[in-house]
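Peer 1: A single structure is presented below for examination.
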Amino acid sequence: MNNFIKKMAFILMTAFVLLHFFSCNGEKKDTNNTVGVLLKSDQDAFWQTYKGYVLDAAKETGLSIRCYAFDNDAPTQIDQIKTMLMNGIKYFFIVPATTDLTDQISHIIASKGGVVVFSNVVPTIDALKLSKNFYYTSSPETEAGAYQAELLDEYFKKNPGKLNGKTVNVLYFNGEFGHPAQIPRREGFLAAMASKGYKVNILSQIAANWHKKVAREAMNIWIQKNGISGVDAIITQNDDMAIGAINAFIDNNVLDDPSNPTRDTDGDGISVPVPIIGVDGTERGKKLLNDNQLYGSVFQDMKSQVRTGFEIIKECKENGTAIGFTTPAGVKAATKTSTEAPLTDSSVLGQCFIVPYVPLKK
């Protein structure tokens, strides 16, 4: 019986080790130089693309990685971090489950003298303050909204007959309510429109949760119930929701030329009745720009965000800190405070590396 118990214990221990050491790149051995990577998921298209950027960045910077997906479950993410720390990993690139969780994550990693770069989801200011070797790399979300306003202002100036006065009636498609990008993108858009002298009348704030299918269904309902008369523009917080709105126009033959969905007959640059402006600058979004269906988008360079995070970790490994560091691509820490956390606190600016957004149009 004792031999049986010993054999079972050995089998269970082996299974546990194999389970916890499965990684993105198939490595079997951890060292203190390995970077622990935590992603929300590795199933849907967005996170598969993001994971590809992680693999590219690791290869380009010469860093080995141990990669986990936690399916947006906060307790699982905490367990994964503790497991990696227990096995000697002290460098981390983390997409946190939530902003609030970053306080707990930072305390756990700080207790072992680790280094962490947060990305995609904003860490709290307190989380960054725990160590000068805790960093954040992303793009300012208010800037994305402000660029949407810039693109819309350009449209109305090019096509003055499309707007009476300075009141703009907007259908606004939100991502997940409360998401770190959702509120500042909307605030950035509204503030920039106000600064340009416009009054924005939001006819409906549609909760499409980042998904084109949900946006398509909501837009179909709107068109069938209200038509499109009285709507001056559609603003979406990502390109997928913009695609959904465009698909609804096609579903209902609400186009310049229903026989040709890409034909612009009135010379305003789009084949749909009102300008639609998204965020992300995805490949599909760029195609719709060229097809006269999407008026504009704002490119979020996720690949550069991820690469910046790995460059920061590499700098910390080689020189002990990334304070004052400029990446080979020219990305460096913020120097001015803004209305968007964590850039609201001057004491953590040197830890926040900002990759700018870029407005896109045909």
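Peer 1: Is there a quick way to get the dipole size of region 182-275? I mean about its Cα centre, with the Cβ of Lys and Arg at +1 and of Asp and Glu at -1; what is the value in debye to the nearest 20? Mind showing how you got there, number by number?
Peer 2: Working: 9 positive and 11 negative charges, 84 e Å.
Rounded to the nearest 20 debye, it is 400 debye.
Peer 1: So if each residue of separation counts as 0.36 nm, and I subtract the Cα-Cα distance between E154 and Q48, what length gain in nm does that give?
Peer 2: 34.7 nm
Peer 1: Pick out, from L128, T102, P140, the residue whose Cα sits farthest towards the positive end of the charge dipole of region 89-196, with +1 on the Cβ of Lys and Arg and -1 on the Cβ of Asp and Glu.
Peer 2: P140
Peer 1: What dipole magnitude, in Debye to the nearest 20, does region 235-362 give about its Cα centre under +1 on Lys/Arg Cβ and -1 on Asp/Glu Cβ?
Peer 2: Numbers: 12 positive and 17 negative charges, 117 e Å.
In total the dipole reaches around 560 debye.
Peer 1: Now for a different question. Starting from a Cα-only point model with no solvent, please compute log10 I(q)/I(0) by Debye for the chain at q = 0.06, 0.09, 0.13, 0.15 1/Å.
Peer 2: Scattering profile of the chain, log10 relative to I(0): -0.27, -0.57, -0.99, -1.20.
Peer 1: Residue by residue, what Karplus-based ³J(HN,Hα) values in Hz, rounded to whole numbers, does region 77-83 have, using 6.51, -1.76 and 1.60 with θ = phi - 60° and x for Gly and Pro?
Peer 2: With the stated coefficients, region 77-83 comes to 4, 4, 4, 5, 5, 4, 4 Hz.
Peer 1: Leaving out ligands, DNA and RNA but keeping every protein chain, what accessible area does Y357 have, in Å² rounded to the nearest 10, with a 1.4 Å probe?
Peer 2: 10 Å²
Peer 1: Same structure again: If each DSSP helix of 4+ residues adds -39,500 (n - 2.57) and the sum is divided by the residues in the chain, what number results at 222 nm, nearest 500 deg cm²/dmol?
Peer 2: Roughly -13500 deg cm²/dmol at 222 nm, from the helical runs in the chain.
Peer 1: Let me ask something else about it. Given the options Q182, P356, V274, identify the residue whose Cα lies farthest towards the positive end of the charge dipole of the chain (+1 on Cβ of Lys, Arg; -1 on Cβ of Asp, Glu).
Peer 2: In the chain, that residue is P356.
Peer 1: Using the structure shown, list the pairs from K166/K199; K157/K287; K303/K336; K157/K196 with a Cα-Cα distance above 18 Å, or answer none.
Peer 2: On the way: K166/K199 6 Å; K157/K287 24 Å; K303/K336 24 Å; K157/K196 12 Å.
Over 18 Å Cα-Cα: K157/K287; K303/K336.
Peer 1: Take every DSSP beta bridge whose two residues both sit in the chain, then give the antiparallel share in percent to the nearest 5.
Peer 2: 15 percent
Peer 1: What's the ranking of 318-330, 188-200 by average number of surrounding C-beta atoms within 10 Å, highest first?
Peer 2: With the highest mean Cβ count within 10 Å placed first, the list reads 188-200, 318-330.
Peer 1: Let me ask something else about it. Provide the packing ranking of 291-302, 105-116, 157-168, i.e. peptides ordered by the mean count of other C-beta atoms within 10 Å per residue, highest first.
Peer 2: Listed from highest to lowest mean packing, they are 291-302, 105-116, 157-168.
Peer 1: Can you compute the FRET efficiency between D79 and D291 using 1/(1 + (r/R0)^6), with r the Cβ-Cβ distance and R0 = 51 Å? Round to the nearest 0.05.
Peer 2: On the way: r = 46 Å, r/R0 = 0.90.
That pair, D79 with D291, gives E of 0.65.
Peer 1: Applying 1/(1 + (r/R0)^6) with R0 = 30 Å to the Cβ-Cβ distance of E187 and K332, what FRET efficiency is obtained, to the nearest 0.05?
Peer 2: 0.75
Peer 1: What is the dipole size for the chain, taken about its Cα centre, with +1 at each Lys and Arg Cβ and -1 at each Asp and Glu Cβ, in debye to the nearest 20? Before the final figure, lay out each step's value.
Peer 2: Values: 37 positive and 38 negative charges, 156 e Å.
With Lys and Arg at +1 and Asp and Glu at -1, about 740 debye.
Peer 1: Given Cα pairs under 8 Å that are at least 6 residues apart, what percent is the relative contact order of the chain?
Peer 2: 16 percent
Peer 1: Moving to a separate point now. Would you mind computing, in nm to one decimal, how far apart the modelled labels at N33 and D56 are, each placed 7 Å from Cα along Cα→Cβ?
Peer 2: The modelled label-to-label distance comes out at 2.5 nm.
The values are calculated or read from the model by the stated rules, or taken from the named source; none is laboratory data. Since the model is a prediction, treat every value here as computed from it, not as a measurement. Cβ: placed from backbone, ideal geometry, glycine included. Neighbour counts: every protein chain shown. Please note that ligands, DNA and RNA were not included when accessible areas were found on the heavy atoms of the full protein model with its side chains. Shrake-Rupley method; radii C 1.70, N 1.55, O 1.52, S 1.80 Å.
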